[in-house]
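The values are calculated or read from the model by the stated rules, or taken from the named source; none is laboratory data. Please read all numbers here as calculations on a predicted model, not as lab measurements. FYI the Cβ positions are ideal-geometry reconstructions off the backbone, even for glycines, and counts take in every protein chain you see.
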Amino acid sequence: MCGIIGYVGKRDAAEILINGLSQLEYRGYDSAGLVTLSTDGLHIRRAVGRVRQLQQLVTEKPVPGTIGVAHTRWATHGRPSEMNAHPHLDAQGRIAIVHNGIIENHATIREFLEQQGIEFQSETDTESLAQLIGFLYSQTGDLLGSVRRALHDVQGTFGLVVVSLDAPQTLIAARRGSPLIVGIGDGEYVISSDASAIITHTSQVAYLDDNEIVTIDPSGMHVATIDAMPVDKRVHTLEMRLEQIELAGYEHHMLKEIFEQPETLQNAMRGRLNLRTNEVVLAGLQQLERDLPRCRRVLLFGCGTAWHAALVGEYLIEELARIPTDVDYASELRYRNPIVEEGTLAIAISQSGETADTLAALREVKTKGATALGVVNVVGSTIAREAQAGVYLHVGPEIGVASTKAFTAQVAVLSMLAVYLGRRRHLSNERTESMLRELEQIPAKVRAALGVHDQVRDLARQLAEWDNWLYLGRGVNYPLALEGALKLKEISYIHAEGLPAAEMKHGPIAMIDPGMPVVVIAPRDNTYGKILSNIEEVRSREGRVFAIATEPDRELERLCEEVVYVPATSAMLSPLVTSVPLQLLAYETAIVRGHDVDKPRNLAKSVTVE
Ligand code: M6R
């Protein structure tokens with residue numbers, strides 16, 4: 001989704017802004033723009049398409065100055081076009097802003113300002129905010145006061161940076177519902193919606209909270225609330241390392257992240273499995289240690305892939321901890337007036353920790369009295385900060401838009417949480433020990449599963465021409481069928497559906513014909529016999545079946561056109577291993593189809609609007 005980078009210091013702003021925008025590309029966008037300030041005035045460049053197109057414009061016509069802001073836009077109001085790209089200006093052309101989020105009352109503001117004779121240049125909601133700040137400034141001559149007043153008047157969400165020709169060494173930034181981080185360097189500041197654009201310059205950062213406004217000028221950084229109450233900001237050290245956001249020889253971030261999984265799973269479990277005392281240690285939950293086992297119901301929520309991890313979590317928590325568990329889409333939960341009874345443990349799952357719907361759902365269940373946890377990857381993200389307690393994934397930055405390593409870590413964390421809760425309730429010593437031992441072996445099994453890459457690449461070459469695919473799974477692998485289908489849709493643009501295998505005969509079986517590949521996840525668990533029957537049903541209708549299985553089996557091989565084998569593990573943990581071929585299949589199919597895997601069309605890495 002949209003990305004922001006701003007700079008003020010002694011160096012050439014343009015280079016820093018363009019490089020920063022390149023780091024933000026993974027978030028998804030359709031146009032980009034920047035503005036720098038110098039004694040000659042504001043220098044604006046905007047381009048539809050990629051950052052390299054903007055860079056071309058800047059090379060042809062350089063933009064001088066040591067202060068500026070830049071933006072990648074993911075269109076919400078108004079099509080992707082040069083006029084709609086940020087920055088947007090006020091009517092005098094002296095104030096420029098970049099903005100993430102949505103100004104919900106933009107039409108009312110626009111109508112009011114048009115009545116005052118102001119002409120709009122774009123179709124965006126953002127311009128209404130730029131024009132409103134400019135209008136208020138023209139009446140008061142107080143820039144900070146005008147930004148404050150405008151932010152009081154707008155409804156919606158914003159991460160916003162403002163520059164003005166009348167304050168040529170000042171950046172003003174504010175946030176409500178859309179993240180902003182200030183990087184504090186040596187005599188310079190970098191402000192961004194994403195730490196990955198800051199880490200090249202400094203690891204010292206301050207996170208803005210909702211309704212805070214920061215002014216950066218030659219006297220330093222000053223944070224206050226939008227109501228002008230001073231705020232004392234803590235400075236944090238980013239845990240991210242530069243090499244984590246580089247390709248390290250891989251063609252795409254997605255492939256790199258798939259292959260990182262043995263290590264990221266190890267990191268997600270490091271120090272958390274204690275085989276000596278036979279328990280799971282989750283330091284982030286220590287403060288709630290007494291209350292958690294007494295919870296009566298678990299409510300898991302998230303969006304997209306995180307929602308699929310939640311579905312796996314439901315099976316795990318019910319089976320191992322015997323606590324009734326519900327799963328909801330965050331976007332549905334927040335508007336459903338959810339029933340939160342006493343003893344509800346609500347868990348928000350999010351890689352970015354910034355997904356607007358997940359954050360809103362978290363706030364809703366907190367208001368209703370749930371104990372609210374976060375299972376989050378990005379350290380210091382809003383969900384991580386607003387949850388009462390939580391467990392970090394520790395997989396490092398996930399750049400690929402199609403989530404892979406975050407998904408397996410989410411499942412690993414939920415597995416550990418299930419054992420943690422279970423051990424404090426009904427889970428036997430023996431079962432706990434066997435789960436811990438199995439978890440410990442998962443990184444090695446995932447490494448072995450990556451060995452199917454060549455086979456899956458060949459399979460993708462056979463299958464890539466088909467436009468409709470079906471994924472089937474049962475039990476804990478049913479969410480994997482959903483996840484496999486989502487991965488394929490996201491980067492191959494192939495229509496795919498995931499189903500619990502037995503549901504197929506209640507309707508979707510009508511679709512089966514030789515033109516639709518059916519990918520079946522068939523590990524040797526208690527439903528194996530049933531899934532063989534489901535495969536027979538597909539075969540009887542001339543369907544073409546491709547299976548992911550754990551133990552060589554002649555019968556399965558007879559029924560399927562191809563079987564991809566991955567190492568066997570405990571049934572409840574099998575999604576950690578069966579994910580690998582599904583991720584590789586989506587990746588390789590997208591490559592055969594010639595798509596840019598890391599920048600899939602229409603998608604954003606972090607969905608910060610609802
Ligand atoms: O950052 P989050 O985990 O909250 O993101 C949730 C979804 O937007 C995300 O999982 C999305 O579905 C991915 N593109 C899936 O690959």
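Can you pull out every residue in region 310-328 that is within 16 Å of the ligand (Cβ to nearest atom) and under 17 Å from ALA372 (Cβ atoms)? Don't jump to the end; show me each part of the working.
The first filter runs over region 310-328 and keeps only residues within 16 Å of the ligand (Cβ to nearest atom), leaving 310-313, 327-328.
ALA310, GLY313, VAL327, ASP328, listed by residue number.
Looking at ILE16 and the list (1) under 15 Å from GLN169 (Cβ atoms); (2) at pLDDT 95 or above, which single condition is not satisfied?
(1)
State whether one or more residues within region 85-100 are at pLDDT below 95 and among the aliphatic types (A, V, I, L, M).
Start the filter on region 85-100 by keeping residues that are at pLDDT below 95, which leaves 100.
Add one more test, that the residue is among the aliphatic types (A, V, I, L, M), and what stays is none.
Within region 85-100 (the criterion being at pLDDT below 95 and among the aliphatic types (A, V, I, L, M)), the answer is no, since none of the residues qualifies.
Quickly run through region 364-390 and pick out the residues that are within 13 Å of the ligand (Cβ to nearest atom) and hydroxyl-bearing (Ser, Thr, Tyr).
Matches in region 364-390: SER381, THR382.
When residues of region 509-532 are filtered for being within 19 Å of ARG474 (Cα to Cα) and in contact with a strand residue (DSSP E or B) (Cβ under 6 Å, 6 or more places away or on another chain), how many remain? Please lay out each step first, then the result.
Going residue by residue through region 509-532, those that are within 19 Å of ARG474 (Cα to Cα) are 509, 512, 517-532.
Filter again for in contact with a strand residue (DSSP E or B) (Cβ under 6 Å, 6 or more places away or on another chain), leaving 517-522, 531.
Of the residues in that region, 7 qualify.
Exactly one of (1) over 18 Å from the mean Cα position of the chain (by Cα); (2) basic (Lys, Arg); (3) within 13 Å of the ligand (Cβ to nearest atom) is unmet by ARG336. Its number?
(3)
For region 576-588, which positions are more than 15 Å from the ligand (Cβ to nearest atom) and in contact with a Ser or Thr (Cβ under 6 Å, 6 or more places away or on another chain)?
Result: LEU576, VAL577.
What are the residues in region 279-308 that are in a helix (DSSP H, G or I) and within 16 Å of the ligand (Cβ to nearest atom), if any? Write out each step before concluding.
Within region 279-308, the subset in a helix (DSSP H, G or I) is 283-288, 292-294, 304-308.
Within region 279-308, GLY304, THR305, ALA306, TRP307, HIS308 meet the criteria.
Based on this model, can you work out whether GLU212 counts as modelled with pLDDT of 95 or more, farther than 16 Å from SER381 by Cα and among the acidic types (Asp, Glu)?
On the way: modelled with pLDDT of 95 or more: yes; farther than 16 Å from SER381 by Cα: no; among the acidic types (Asp, Glu): yes.
So GLU212 does not fit the description; no.
Six or more apart or on different chains, Cβ under 7 Å: which pairs go from a residue in region 333-354 that's in contact (Cβ under 8 Å) with a residue 40 or more places away in the chain to one that's assigned to a strand (DSSP E or B) and near the ligand (Cβ under 7 Å from one of its atoms)? Could you list them?
ALA348/GLY302; ILE349/GLY302; SER350/GLY302
Can you tell me which residue in region 391-413 is nearest to the ligand (Cβ to nearest atom), limited to those that are of a type in the set (Gly, Ala, Ser) and in a helix (DSSP H, G or I)? Spell out the reasoning first.
Our first condition is that a residue be of a type in the set (Gly, Ala, Ser); within region 391-413, this holds for 396, 400, 402-403, 406, 409, 412.
From what is left, the residues that are in a helix (DSSP H, G or I) are 406, 409, 412.
Numbers: ALA406: 6, ALA409: 11, ALA412: 15 Å.
Restricting to residues being of a type in the set (Gly, Ala, Ser) and in a helix (DSSP H, G or I), the top hit is ALA406.
Among the residues in region 228-241, are any assigned to a loop (DSSP other than H, G, I, E, B), crowded, with 20+ Cβ neighbours inside 10 Å and more than 24 Å from the chain's Cα centre (by Cα)? It would help to see each step written out before you state the result.
Step one: filter region 228-241 for residues assigned to a loop (DSSP other than H, G, I, E, B), giving 228-229, 231-235, 238-241.
Still in the running and crowded, with 20+ Cβ neighbours inside 10 Å: none.
No - not one qualifying residue is present in region 228-241.
How many residues, within region 216-226, are without any contact (Cβ under 8 Å) to a residue 24 or more places away in the chain and either touching a Lys or Arg at 6+ places or on another chain (Cβ under 8 Å) or surrounded by 10 or more Cβ atoms within 10 Å (Cβ to Cβ) (or both)? Steps first, please.
Within region 216-226, the subset without any contact (Cβ under 8 Å) to a residue 24 or more places away in the chain is 219-220, 222-225.
Filter once more, keeping what is either touching a Lys or Arg at 6+ places or on another chain (Cβ under 8 Å) or surrounded by 10 or more Cβ atoms within 10 Å (Cβ to Cβ) (or both): 222-225.
So the count comes out to 4.
Do we find that THR108 is under 27 Å from VAL609 (Cβ atoms), hydroxyl-bearing (Ser, Thr, Tyr) and at pLDDT 95 or above in this structure? Give the steps one after another, and end with the answer.
Numbers: under 27 Å from VAL609 (Cβ atoms): yes; hydroxyl-bearing (Ser, Thr, Tyr): yes; at pLDDT 95 or above: yes.
Taking the combined requirement at face value, the residue satisfies it.
In the list VAL190, VAL205, VAL214, which residue meets the criterion of being in contact with a strand residue (DSSP E or B) (Cβ under 8 Å, 6 or more places away or on another chain), among the hydrophobic types (A, V, I, L, M, F, W, C) and farther than 24 Å from GLU246 by Cβ?
Numbers: VAL190 fails: farther than 24 Å from GLU246 by Cβ; VAL205 fails: farther than 24 Å from GLU246 by Cβ.
Being in contact with a strand residue (DSSP E or B) (Cβ under 8 Å, 6 or more places away or on another chain), among the hydrophobic types (A, V, I, L, M, F, W, C) and farther than 24 Å from GLU246 by Cβ holds for just one of VAL190, VAL205, VAL214, which is VAL214.
Inside region 417-497, counting only helices (runs of 4 or more DSSP H) that do not spill past its ends, which hold 3 or more residues that are more than 16 Å from the ligand (Cβ to nearest atom), surrounded by fewer than 20 Cβ atoms within 10 Å (Cβ to Cβ) and not assigned by TED's automatic domain parsing to the domain that holds HIS308? It would help to see each step written out before you state the result.
Details: elements: 429-449, 453-463, 478-492.
In region 417-497, 429-449, 453-463 are the helices (runs of 4 or more DSSP H) which contain 3 or more residues that are more than 16 Å from the ligand (Cβ to nearest atom), surrounded by fewer than 20 Cβ atoms within 10 Å (Cβ to Cβ) and not assigned by TED's automatic domain parsing to the domain that holds HIS308.
How many residues does region 133-189 hold that are assigned to a loop (DSSP other than H, G, I, E, B) and buried (at least 18 other Cβ atoms within 10 Å of the Cβ)? Write out each step before concluding.
Going through region 133-189, the residues assigned to a loop (DSSP other than H, G, I, E, B) turn out to be 141-142, 154-155, 157, 165-166, 178-180, 185-188.
Now restrict to residues that are buried (at least 18 other Cβ atoms within 10 Å of the Cβ): 154, 157, 178-180, 188.
Of the residues in that region, 6 qualify.
Where residues in region 591-610 are within 30 Å of GLN155 (Cα to Cα) and among the basic types (Lys, Arg), which of them is farthest from the ligand (Cβ to nearest atom)? Even if it seems obvious, please write down each step before you answer.
Let us first name the residues in region 591-610 that are within 30 Å of GLN155 (Cα to Cα), namely 601-610.
Those still in the list that are among the basic types (Lys, Arg) too: 601, 605.
Details: ARG601: 13, LYS605: 7 Å.
Within region 591-610, the match that is farthest from the ligand (Cβ to nearest atom) is ARG601.
Tally time: how many residues in region 337-373 are closer than 20 Å to ARG290 by Cα and assigned to a helix (DSSP H, G or I)?
1
What's the number of the only condition in (1) in contact with a His (Cβ under 8 Å, 6 or more places away or on another chain); (2) among the hydroxyl-bearing types (Ser, Thr, Tyr); (3) modelled with pLDDT under 95 that THR76 fails to meet?
(1)
Which condition number does THR358 fail, the rest of (1) crowded, with 18+ Cβ neighbours inside 10 Å; (2) away from the ligand (no atom under 13 Å from the Cβ); (3) free of Cβ contacts under 8 Å to residues at least 60 places away in the same chain; (4) under 26 Å from PRO600 (Cα atoms) being met?
Condition not satisfied by THR358: (2).
Taking into account only those residues within region 23-56 that are assigned to a helix (DSSP H, G or I) and surrounded by 18 or more Cβ atoms within 10 Å (Cβ to Cβ), which is modelled with the lowest pLDDT?
Going through region 23-56, the residues assigned to a helix (DSSP H, G or I) turn out to be 23-27, 51-56.
Within this subset, residues satisfying the condition of being surrounded by 18 or more Cβ atoms within 10 Å (Cβ to Cβ) are 23-27, 51, 54-55.
On the way: GLN23: 89, LEU24: 89, GLU25: 85, TYR26: 79, ARG27: 76, VAL51: 93, LEU54: 96, GLN55: 96.
So the residue we want is ARG27.
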